[in-house]
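Right, one structure below, let's go through it.
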Amino acid sequence: MPPRKIGREQAPIVVRARPGQATRGLLAAAGTVFPCALGRGGITAFKREGDGGTPLGAMKLLWGYRRPERGWPPPTRLAILPAAPWLGWCDAPGDRNYNRPVRLPYAASCETMQRADRLYDVVAVLDWNMRPAIRGRGSAIFLHIAKPGYLATEGCIAVSPATMRRLLPLLHRGSVLKVMR
């Protein structure tokens, strides 16, 4: 049986905080609930750069990146690009490329997309604060691999590698991830 499509035609992926645990969540997709990590600031309706909050609201999946040498990903309808060693993501609110991919080395503050800790072995880019990118409203909000123990993120939603493998075949450009309280 082919995987169910998630997004515009189907129910969104829904993320909520676990009761009493602001930095740990539950992600519901295609009739299954998975544990996930949330930002160190919990879920926030007033996202600001550096606050560690996971933004409240609906976000579309745009595309993804992967580390080709690590054997990812399983089949997916989401465009997945290789994360080259020179790939970064600008998180400097005053920069013209704020909340955009950039080529490293880059003069302004940015994240390296090819991380040693495996968190970005597979990462899906969410459309938070993308068009237009409002300075200081938050950047680099992704769906990515969680740290062991589901430790808090800097504002992203993070899942286990096994959960990511189960989600990827269901995802496509425009799939909706809805963070709720």
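The values are calculated or read from the model by the stated rules, or taken from the named source; none is laboratory data. Being a predicted model, the structure only gives us computed values, none of them experimental. Note that we place each Cβ from the backbone using ideal geometry, even for glycine, and neighbour counts take in every protein chain shown. Side chains included, ligands, DNA and RNA excluded: accessible areas come from the protein's heavy atoms. Shrake-Rupley method; radii C 1.70, N 1.55, O 1.52, S 1.80 Å.
Would you please name the trypsin sites (Lys or Arg not before Pro) within region 7-47 that are DSSP coil residues with at most 12 other C-beta atoms within 10 Å of their C-beta?
Numbers: sites: 8, 16, 24, 40, 47; in loops: 8, 40, 47.
Loop-located and lightly packed - 8.
Please work out the FRET efficiency for the pair residue 106 and residue 32, using the Cβ-Cβ distance as r and a Förster radius of 41 Å; give the result to the nearest 0.05. Intermediate results must be reported in sequence, preceding the final value.
Numbers: r = 39 Å, r/R0 = 0.94.
It comes out at approximately 0.60.
Candidate cross-link partners of residue 178 among the aspartates and glutamates, defined by an alpha-carbon separation under 12 Å and a same-chain spacing of 8 or more, comprise 127. Close amide-amide hydrogen proximity is noted between residue 64 and 79, 80, 81, 125, each under 5 Å apart and 5 or more residues distant or on a separate chain (H modeled in the peptide plane; Pro and chain starts excluded).
Rounded, prolate or oblate: which fits region 62-170, taking a ≥ b ≥ c as square roots of the Cα gyration tensor eigenvalues, rounded meaning a/c under 1.5, else prolate when a/b beats b/c?
Numbers: a/c = 1.67, a/b = 1.55, b/c = 1.08.
Verdict is prolate for region 62-170.
For residue 145, the residues 5 or more places off, or on other chains, whose built amide H falls under 5 Å of its own are 121, 122, 159.
Could you size up the charge dipole of the chain around its Cα centre, putting +1 on the beta carbon of Lys and Arg and -1 on that of Asp and Glu, and report it in debye to the nearest 20? Present the calculation step by step, with values, prior to reporting the outcome.
On the way: 28 positive and 11 negative charges, 93 e Å.
Using only the charged Cβ atoms, the result is roughly 440 debye.
Among rounded, prolate and oblate, which fits region 28-91 when a ≥ b ≥ c are the square roots of the eigenvalues of its C-alpha gyration tensor, a/c under 1.5 means rounded, and a/b larger than b/c means prolate? Oblate is the answer for region 28-91, as a/c is 1.5 or above yet b/c matches or exceeds a/b.
Estimated at 0.36 nm per residue, the fully extended path between residue 115 and residue 77 surpasses their Cα-Cα distance by 11.3 nm.
Taking other residues whose beta carbon is less than 13 angstrom from the beta carbon of residue 158, and scoring Lys, Arg as +1 and Asp, Glu as -1, yields +2. Helical content alone sets the calculated 222 nm signal of the chain at -1000 deg cm²/dmol, taking -39,500 (n - 2.57) per DSSP H segment of four or more residues and averaging over every residue. Using the Karplus relation 6.51 cos²θ - 1.76 cosθ + 1.60 with θ = phi - 60°, the per-residue 3J(HN,Hα) values for region 130-145 come to 9, 9, x, 7, 8, 3, x, 8, x, 9, 6, 8, 10, 9, 9, 6 Hz, with x marking Gly and Pro. In the full protein context, the chain carries 48 Å² of accessible surface per residue, based on a 1.4 Å probe and ignoring ligands, DNA and RNA.
Chymotrypsin sites (Phe, Trp or Tyr not before Pro), restricted to region 21-73: which are DSSP loop and have at most 13 other Cβ atoms within 10 Å?
Details: sites: 46, 63, 65; in loops: 46.
Qualifying residues, ordered by number: 46.
With contacts taken as Cα pairs under 8 Å at a separation of at least 6 residues, the chain carries a relative contact order of 32 percent. The HN-Hα couplings worked out from phi for region 34-42 by the Karplus form 6.51 cos²θ - 1.76 cosθ + 1.60 (θ = phi - 60°) are 10, x, 8, 9, 10, x, 4, x, x Hz, whole numbers, x standing for Gly and Pro. The phi-based Karplus calculation (6.51 cos²θ - 1.76 cosθ + 1.60; θ = phi - 60°) puts the 3J(HN,Hα) values of region 174-181 at x, 3, 9, 10, 10, 8, 10, 9 Hz, whole numbers, x for Gly and Pro. Let me make sure I get this right: for region 1-148, a, b and c are the square roots of the gyration tensor eigenvalues over alpha carbons, sorted descending. Under 1.5 in a/c it's rounded, otherwise prolate if a/b > b/c, else oblate. Which is it? Note, shape of region 1-148 comes out oblate.
Amide H contacts of residue 100: 90, each under 5 Å away and 5 or more positions distant or on a separate chain (H built 1.01 Å from N in the peptide plane; Pro and chain starts excluded).
Counting only protein heavy atoms and using a 1.4 Å probe, what share of the accessible area of the chain belongs to carbon plus sulfur, as a whole percent? Before the final figure, lay out the partial values.
On the way: 4810 of 8650 Å².
So the carbon and sulfur contribution to the accessible surface is 56 percent.
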